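Report on one structure; see the data block that follows.
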Amino acid sequence: MSNLRSRRGGYDELSDDDGETDLPILQTSISSPKTALSKKLGMAIFLVSVICIGLITALIVVTTSHVSGDIGYAVCDFVPVFTLNSANKVGGRITLVDTADGVEFKYNITGLMKSRKQAVFLHTYAGNAQDDASRLVNSVGPVFNPGNSPHGCPTSMRRRAGDIPDVEADADGRSKSASTEHPSQLIRMEGDWGVIGRSIVIYDKADDNCGDNPQGIGMGSPYGLCQIVVRKSPSE
């Protein structure tokens, strides 16, 4: 009778009781069917995860990218019949232009606080023309924010839709720049993210720390108000 005696170089040898060694038997390793199935299942889960992440990323890009509508222009006039404008002698216009890169704001404003930047925000409602600074916040509502995002800089995609660029005044109180440097890709001319029927408010302090002020506080007091309406052309 042969008994298992020793292992040499990767295979076992059988030795008879008389000490003679029989032919060696090679030991092989065979994977369990369960192990192979687990590997295939793990790879499938990984591939599905990658595809899902790609689809979610594409959806975010599509929903946050700008899509032009039928309305090409809108204007926001600082008319003197508004109590706030009359009290502070603010006049002029903000023109909103629908471009391939987003909604562009063109500033042509007078009566601004001289030689300084001032915060400008798009608010949810048109507001009451007869409201003074103390009551205006209630009638225009909060800064327009359909995405429920924190306050942020106008160049950031993670911000409220109503966080638009500051306006800078020259020594005569006129807006320096004819248009904003970066169009807003978060807003539309119409629809749930649209600007029509809303208001733009100028505050007496600049939005300097926009990247470190998620609550959007400390902008000062409002002193200029305009209501956004549709126009066929920017000169109308």
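Laboratory data are not the source of any read-out in this text; all were calculated from the coordinates shown. Note that this is a predicted model, so its numbers are computed, not measured. Because the Cβ atoms are built from the backbone with ideal geometry, glycine has one as well, and the counts that use them run over all protein chains shown.
I'd like to check something: does region 170-185 contain any residue that is more than 17 Å from residue 79 (Cα to Cα), basic (Lys, Arg) and under 16 Å from the mean Cα position of the chain (by Cα)? No, every residue in region 170-185 fails to be more than 17 Å from residue 79 (Cα to Cα), basic (Lys, Arg) and under 16 Å from the mean Cα position of the chain (by Cα). Residue count for region 178-202 under the criterion of being under 28 Å from residue 113 (Cα atoms) and surrounded by fewer than 20 Cβ atoms within 10 Å (Cβ to Cβ): the result is 6. Of the residues screened, residue 206 is one that is outside any strand (DSSP E or B), more than 24 Å from residue 80 (Cβ to Cβ), aliphatic (A, V, I, L, M) and touching a residue at least 40 places away in the same chain (Cβ under 8 Å). Counting only residues that are under 23 Å from the mean Cα position of the chain (by Cα), among the aliphatic types (A, V, I, L, M) and buried (at least 23 other Cβ atoms within 10 Å of the Cβ), region 95-126 holds 5 of them.
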